[in-house]
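Please read the structure below before turning to the comments.
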Amino acid sequence: MKYENTVYNFLKKSSETYARRIQKEFCSKKPIYNDILEHSEFVCDLALKIGEKLNADLEILKVSALLHDVGITMEDSPIHAVVSAKIAEEVLENTDFPEEKRGGVLYAISVHSDLSSAPIETLEAKILWDADKIAHLGAVVFVRFLMRMPLRGGNTKKALEFFKKNLKTAEVLKENMKTELGKEIAAKRYEFAKIFVEELEEEMGG
């Protein structure tokens with residue numbers, strides 16, 4: 001056996017042992033990365049910024065953004081938007097949130113994951129749709145993926161595969177934003193993501 005193989009195999013075996021030990025230590029501790037909470041906060045912040053400029057109802061936007069993905073935390077459902085809306089309705093019933101605005105919240109949540117060409121009726125729902133999709137574009141989505149990766153296993157090549165797939169999705173999403181401001185923000189994030197992916201791919205040898 002050539003020494004190169006011996007050296008590489010030793011490195012691979014020892015590093016895999018180390019990786020398993022680190023993963024065991026990591027997984028035995030309380031999770032420190034709350035993906036749904038962070039994403040919801042990002043969406044809320046962005047929705048409010050867009051909403052302020054478009055004179056939307058900020059109360060509806062804030063609540064709908066914070067609760068738009070809560071269904072994911074309750075059950076594994078392909079229609080999490082519908083589940084989230086149902087949960088949001090139950091939550092709001094026990095609050096002093098204006099009753100006349102609850103319908104706006106529930107509608108915005110229920111359509112936020114709809115990727116069809118069906119029109120979205122309210123301004124707040126359009127903004128939530130845009131904010132949620134924009135939160136899946138640009139630098140932040142790359143960091144979020146890397147934060148989750150230790151829980152799922154992976155390496156740099158798998159990360160690049162994900163980034164390239166995400167870039168294709170991002171290209172479609174940026175063309176389907178529901179507001180003009182959303183389109184501007186999405187386009188900016190897409191351009192950054194494109195440059196980042198191209199540079200990463202080049203550094204990894206194409």
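Here are a few things to note about the model shown:
- Shown here is the pair-distance distribution of the chain: with all Cα-Cα distances grouped in 10 Å bins from zero up to the longest one, the shares run 8, 27, 30, 19, 9, 4, 2, 0 percent.
- Working from Cα pairs under 8 Å separated by at least six residues, relative contact order for region 71-206 is 21 percent.
- Between Ile50, Ile195, Ile185, the residue with the greatest mean-square fluctuation in the GNM of the chain (Cα pairs under 10 Å linked by springs) is Ile195.
- In region 136-206 the Cα-Cα distances spread across 5 Å bins starting at 0 as 3, 17, 26, 22, 17, 9, 5, 1 percent of all pairs.
- For the chain, a Gaussian network of Cα nodes joined below 10 Å ranks Lys49, Lys133, Lys174 by mean-square fluctuation, and the top entry is Lys49.
- Percentage relative contact order, region 136-206, counting C-alpha pairs under 8 Å, at least six apart: 45 percent
- In order along region 97-110, the Karplus-derived 3J(HN,Hα) couplings, from 6.51 cos²θ - 1.76 cosθ + 1.60 at θ = phi - 60°, round to 4, x, 4, 5, 9, 5, x, x, 5, 5, 5, 4, 5, 5 Hz, and Gly and Pro are given as x.
- Placing R0 at 35 angstrom, the Cβ-Cβ distance between Met149 and Asp114 gives a FRET efficiency of 0.75 after rounding to 0.05.
- Fully extended contour minus Cα-Cα distance, from Asn176 to Glu52, at 0.36 nm per residue: 42.5 nm
- In region 100-171, Cα pairs under 8 Å separated by at least six residues give a relative contact order of 25 percent.
- Inter-probe distance in nm under a simple model that places probes 7 Å from Cα toward Cβ, at Thr17 and Met204: 2.9 nm
- GNM top mover of Lys158, Lys62, Lys194 - the chain, alpha-carbon springs below 10 Å: Lys158
- If you plug the beta carbon distance of Met74 and Asn9 into 1/(1 + (r/R0)^6) with R0 = 41 Å, you get a FRET efficiency near 0.30.
- Compared with the dominant principal axis of the Cα atoms in the chain, helix 3-27 is inclined by about 40°.
- Entries of Lys49/Lys158; Lys24/Lys157; Lys24/Lys168; Lys86/Lys158; Lys53/Lys101 with Cα pairs more than 29 Å apart: Lys49/Lys158; Lys24/Lys168; Lys86/Lys158
- Using Cβ point charges alone (K and R +1, D and E -1), the dipole size of region 39-93 about the Cα centre works out to roughly 240 debye.
No lab work stands behind these numbers, since they all come straight from the coordinates. On a predicted model such as this, the values are computed, not experimentally measured, just so you know. Using ideal geometry, Cβ is built from the backbone for each residue, glycine included, and neighbour counts are taken over all protein chains shown.
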